[in-house]
Amino acid sequence: MSVEYLVKISKPMLEGAGTTISLFLIAIALSVPLGFLFTLMSRSRFKLVAGFAHTYIYIMRGTPLTLQLLFFCFGLPMLPVIGEFLVMDRFVAACLGFVLNYAAYFAEIFRGGLLSIDKGQHEAAQVLGLSRWQATVKVIMPQMFRVALPSVANESITLVKDTALLYAVAVPELLHYTLTAVNRDFNLTPFVVAGVIYLMMTLALTLFFKFLEKKFKYE
Amino acid sequence: MSIIQVANLKKSFGSLDVLKNVSFEVDKSEVIAVIGPSGSGKSTMLRSLVNLEQINGGSIRIQDQYLVKDGGYASQQQIKAITSGMGMVFQHFNLFPHLTVQGNLELAPRTVQKLTAGEVRRRSQELLGKVGLADKSDAYPARLSGGQKQRVAIARALMLNPAILLFDEPTSALDPELVGEVLRVMKQLAEEQMTMIVVTHEMGFAREVADRVLFMDNGEVVEAGTPEQIFDNPQQERTRTFLNRVVRV
Ligand SMILES: Nc1ncnc2c1ncn2[C@@H]1O[C@H](COP(=O)(O)OP(=O)(O)OP(=O)(O)O)[C@@H](O)[C@H]1O
Ligand SMILES: [Mg+2]
């Protein structure tokens, strides 16, 4: 096994990793705020809003992500009448699937964070004259994110690995190029290289979240 | 001149009548100690004054404005204005753990009152000095002892210049050796003519600092009077029974 061979197979694989990273960044950037929105909705005073959020979370967490991705990429265009308007670029459709799916998980994580906050925090904020909204933004949310941080870290690492599901909807990413190389060269080195690339990505994430946890230790 | 008037306060949680017919008045600059057995409704009474509990009947009048009149609440806006004249100190401090000591003091004045950062800073430094914690302004609550936390909580409540301070068992969560430092701060506030209602199990404090003592039992104010009247010459059997069970003072 030569260095040249490694460079040769790594180039397309790193390109694939670029797709993986793009998907990851898009999915995180959109699903975290969307998830928080669902958390707020699930606690709404309006039964209809809360019911919608609960149902949404139930469906997204209760069905396989692969099924959802296939549905967005290949199912939606089959809908009568409106289907033809729902043909998306497959990468876009996959992003949509990931965002909608992970939003449900983040919603649950944030809900857990909210539940962990003592009632006394709301009361102190109220007695100090903060409005409900001010209390949520200045007192509750920062604590909720702090509590949720380890679970968010965990979920993010899962997301990196879940990007491999792009393979199922034929969007070329890291795994796709890995298999191309394996099949072409009849050699397992690409698997190892792919593993190392995934590990580097998850290591970077782990370090990033360690840093955040330290920064927001509040001690 | 009474600054708080409570008349025929009624409150129930489901079928449990927690406050049955509570009436009392507090004069400006008075220190009231509220004592009584667990579950007698002391916290519920105190919390209804700052609208943390909604009552089912009766009236609460604070600084000549009705928070509730005959069971009917004022408008949201009025409620906000009325309760803004009161500060509250909780048994478990309820400091904001994600903010430093200084951040805890400055959050409300900066979000609610829109004062300049300089004015707020001057006041927070002054109050931290007053409670003896000038050197802790950058510490997070997690790094403080219980006594220090409670003194921060008192300073935080004072930031908004309340006319009335309410304390719900401010020393009950503290190790015995830390009780004194908190009581000292409260005593100083009393000397400075702050109007205070203090729910407490510290009979020594009640006797020494309070102008009047309310004894509550089973959702009623059973007896009220000067510390001498209540502790040395209680008129009601229930008061005597309670005082015999607590430590002699
Ligand atoms: N949110 C609530 N829901 C139902 N019951 C409640 C609630 N809050 C208080 N109670 C009940 O009301 C009664 C009075 O409670 P409260 O906390 O006012 O008593 P307390 O005099 O402060 O007692 P303690 O000395 O233990 O603090 C108790 O029987 C309590 O169980
Ligand atoms: Mg109580």
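None of the figures in this text is laboratory data; all of them are computed from the coordinates on show. Given the structure is predicted, the values throughout are model-derived calculations rather than measurements. We place every Cβ from the backbone using ideal geometry, glycine too, and count neighbours over all the protein chains shown.
To the nearest Å, what is the center-to-center distance of the range B:142-179 and the range A:170-205, using C-alpha atoms only?
The distance from the Cα centre of the range B:142-179 to that of the range A:170-205 comes to 59 Å.
Give the calculated FRET efficiency between B:A81 and B:S29 to the nearest 0.05, with a Förster radius of 22 Å applied to their Cβ-Cβ distance.
Numbers: r = 22 Å, r/R0 = 0.99.
Efficiency at R0 = 22 Å is approximately 0.50.
Quick check: from the Cα gyration tensor, does chain B come out rounded (a/c under 1.5), prolate or oblate?
Judged from the Cα gyration tensor, chain B comes out oblate (a/c at least 1.5, b/c at or above a/b).
So which lysines pass the test for B:K28, namely a Cα distance under 18 Å, with those fewer than 8 places away in the same chain ruled out?
B:K187
When the chain is fully extended, how far beyond the present Cα-Cα distance does A:K8 get from A:T206, taking 0.36 nm per residue of separation? Present the calculation step by step, with values, prior to reporting the outcome.
On the way: separation 198, 0.36 × 198 = 71.28 nm, distance 2.88 nm.
So the extension gain works out to 68.4 nm.
So what is the relative contact order for the range B:126-203, in percent, with contacts set as C-alpha pairs under 8 Å and at least six apart? All intermediate terms of the calculation are to be shown ahead of the outcome.
Values: 62 pairs, mean separation 26.7, N = 78.
Averaging sequence separation for qualifying contacts and normalising by length gives 34 percent for the range B:126-203.
Highest mean first, what order results for B:230-238, A:23-31 on Cβ atoms within 10 Å? Walk me through the numbers on the way to the answer.
Details: B:230-238: 15.1, A:23-31: 18.4.
Top of the packing list down: A:23-31, B:230-238.
Can you give me the convex hull volume of the Cα atoms of the range A:126-179, divided per residue and expressed in Å³?
Working: hull volume 5.4 nm³, N = 54.
So the per-residue Cα hull volume is 100 Å³.
Return the distance in nm (one decimal) between the two label points of a simple spin-label model at A:I59 and A:F71, each offset 7 Å from Cα along Cα→Cβ.
A separation of 0.6 nm, rounded to one decimal place.
In what sequence, highest mean first, do B:102-115, A:61-74 appear when ranked by Cβ atoms within 10 angstrom?
Numbers: B:102-115: 19.4, A:61-74: 15.9.
For the peptides B:102-115, A:61-74, the packing ranking is B:102-115, A:61-74.
Return the aspartates and glutamates within reach of A:K210: Cα separation strictly under 15 angstrom, same-chain partners fewer than 8 residues apart disregarded; answer none if there are no such residues.
Within reach: A:E155.
Applying 1/(1 + (r/R0)^6) with R0 = 45 Å to the Cβ-Cβ distance of A:K161 and B:A173, what FRET efficiency is obtained, to the nearest 0.05?
On the way: r = 45 Å, r/R0 = 1.00.
That pair, A:K161 with B:A173, gives E of 0.50.
Please find, in a Gaussian network model of chain A (springs between Cα atoms separated by less than 10 Å), the residue of A:F38, A:F85, A:F110 whose mean-square fluctuation is greatest.
A:F85
Sorted by average packing, counted as other Cβ atoms within 10 angstrom per residue and highest first, what order do B:193-203, A:97-107 take? Write out the running numbers ahead of the final one.
Values: B:193-203: 21.2, A:97-107: 23.1.
Taking the mean over residues of other Cβ atoms within 10 Å, the ranking is A:97-107, B:193-203.
For the range A:63-143, what log10 I(q)/I(0) values come out of the Debye formula at q = 0.12, 0.17, 0.26 1/Å, with one point per alpha carbon and no solvent?
-0.57, -0.71, -1.15
Shielding by partners for B:96-103, please: the mean number of other protein chain Cβ atoms within 10 Å of each residue's Cβ. Working shown, then result.
Details: counts 10, 9, 13, 5, 1, 0, 0, 1.
Mean partner shielding for this stretch: 5.
Could you compute Rg(Cα) / (2.2 N^0.38 Å) for the range A:137-219, with N its residue count?
Against the compact-globule rule of thumb, the ratio is 1.49.
List the residues, sorted by chain then number, that are 5 or more residues from B:M216 or on another chain and whose placed amide H is less than 5 Å from its amide H.
Those qualifying (amide H under 5 Å, at least 5 residues apart or on another chain) are B:I35, B:G36, B:V222.
When we measure straight from the Cα of B:K80, which aspartates and glutamates land under 12 angstrom away, once same-chain ones fewer than 8 places off are left out?
Straight-distance partners of B:K80: none at all.
In the range A:129-219, what trypsin sites (Lys or Arg not before Pro) fall in a loop by DSSP, with at most 15 other Cβ atoms inside 10 Å? If you can, show how the numbers build up before the last one.
On the way: sites: A:R132, A:K138, A:R146, A:K161, A:R184, A:K210, A:K214, A:K215, A:K217; in loops: A:K217.
The qualifying sites are A:K217.
For the range A:3-217, what class follows from the C-alpha gyration tensor (a ≥ b ≥ c being the square roots of its eigenvalues): rounded when a/c is under 1.5, otherwise prolate if a/b is larger than b/c, else oblate? Show your work: numbers first, answer last.
On the way: a/c = 3.43, a/b = 1.58, b/c = 2.18.
Verdict is oblate for the range A:3-217.
Can you tell me how the range B:131-225 classifies by the Cα gyration tensor, rounded, prolate or oblate, using a/c under 1.5 as the rounded cut? Before the final figure, lay out the partial values.
Numbers: a/c = 2.14, a/b = 1.68, b/c = 1.28.
Cα axes put the range B:131-225 in the prolate bin.
Build a GNM of chain B with springs between Cα atoms under 10 Å: which of B:G85, B:G118, B:G146 gets the top mean-square fluctuation?
Per the Cα network of chain B with a 10 Å cutoff, B:G118 tops the list.
Residue-wise, which Karplus ³J(HN,Hα) couplings in Hz belong to the range A:204-219, taking 6.51 cos²θ - 1.76 cosθ + 1.60, θ = phi - 60°, and x for glycine or proline?
Running phi through 6.51 cos²θ - 1.76 cosθ + 1.60 with θ = phi - 60° gives 4, 5, 4, 5, 4, 6, 4, 4, 4, 4, 5, 4, 9, 7, 6, 10 Hz.
At q = 0.10 Å⁻¹, what base-10 log of I(q)/I(0) does the Debye formula yield for the protein assembly as shown when every alpha carbon is treated as an equal point scatterer in vacuo?
Debye curve over Cα of the protein assembly as shown, log10 I(q)/I(0) at q = 0.10 Å⁻¹: -0.84.
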